[in-house]
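The values are calculated or read from the model by the stated rules, or taken from the named source; none is laboratory data. Keep in mind that what you see is a predicted model, and the values were worked out from it rather than measured. No Cβ is skipped: glycine too gets one built from the backbone with ideal geometry, and neighbour counts run over all protein chains shown. Note: accessible area is taken over every heavy atom of the protein model, side chains too, but ligands, DNA and RNA are not part of it. Shrake-Rupley method; radii C 1.70, N 1.55, O 1.52, S 1.80 Å.
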Amino acid sequence: MIEQDTIRLLRECDAGIKMGVSSINDSVKFVKDSKFRDILTESLEKHMYIKKDMEKLLDSYHDDGKEPAVMAKGMEWFKTNVSLAVDPSDSAVADFITDGCNMGVKSLSRYLNEYPGADEKSKDISKRLISEEEKLAVDIRGYL
């Protein structure tokens, strides 16, 4: 049970990190304010640091992780490549990223509750990712 919950939680973290990294990478090109760009870049670096820790754990379980849902990726692509192309303002980018952060926090919190048997390292990674998503949403509020 512990191993199964651990792998499932890590897979969801993997999909969440991939969505976050993709969203930040796709939207940062629209950002005009240098401080806003720095905030996104710093968050991207933190996501990648968490991803390395998560991948090590997944590797220890001989698991390749999980790709984000096709529908979620499609919505993210549409939002960045169509919506932000129409309104490429910093406010629109902040709105898009904030929505993504909120979805990530909600999903990862649900998975933490759904997989209570996961080991503490996996739970810690989930909590670190949730914390980073919450911090990013707060840090960019001034751009909404």
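For Ser60, are the conditions met, namely being over 21 Å from Lys135 (Cα atoms) and either open to solvent by 70 Å² or more (accessible area, probe 1.4 Å) or at pLDDT 85 or above (or both)? Let's see the steps before the verdict.
Details: over 21 Å from Lys135 (Cα atoms): yes; either open to solvent by 70 Å² or more (accessible area, probe 1.4 Å) or at pLDDT 85 or above (or both): yes.
Considered against the rule, which asks whether it is over 21 Å from Lys135 (Cα atoms) and either open to solvent by 70 Å² or more (accessible area, probe 1.4 Å) or at pLDDT 85 or above (or both), Ser60 comes out as yes.
Out of all the residues in the range 31-47, is one or more at pLDDT below 90, basic (Lys, Arg) and open to solvent by 70 Å² or more (accessible area, probe 1.4 Å)?
Within the range 31-47, the subset at pLDDT below 90 is none.
Checking the range 31-47: not a single residue is at pLDDT below 90, basic (Lys, Arg) and open to solvent by 70 Å² or more (accessible area, probe 1.4 Å).
Of Lys66, Lys123, Lys135, which residue is modelled with pLDDT under 95 and either out of contact with any strand residue (DSSP E or B) (no Cβ under 8 Å at 6 or more places or on another chain) or of a type in the set (Ser, Thr, Tyr) (or both)? Spell out the reasoning first.
Values: Lys123 fails: modelled with pLDDT under 95; Lys135 fails: modelled with pLDDT under 95.
The unique qualifying residue is Lys66.
Identify all residues within the range 80-95 that are modelled with pLDDT of 90 or more, charged (D, E, K, R) and open to solvent by 40 Å² or more (accessible area, probe 1.4 Å); write none if there are none. Before the answer, list the steps.
Looking only at the range 80-95, we keep the residues that are modelled with pLDDT of 90 or more, and these are 89-95.
With the extra rule that they be charged (D, E, K, R), the set shrinks to 90, 95.
Across the range 80-95, the qualifying residue is only Asp95.
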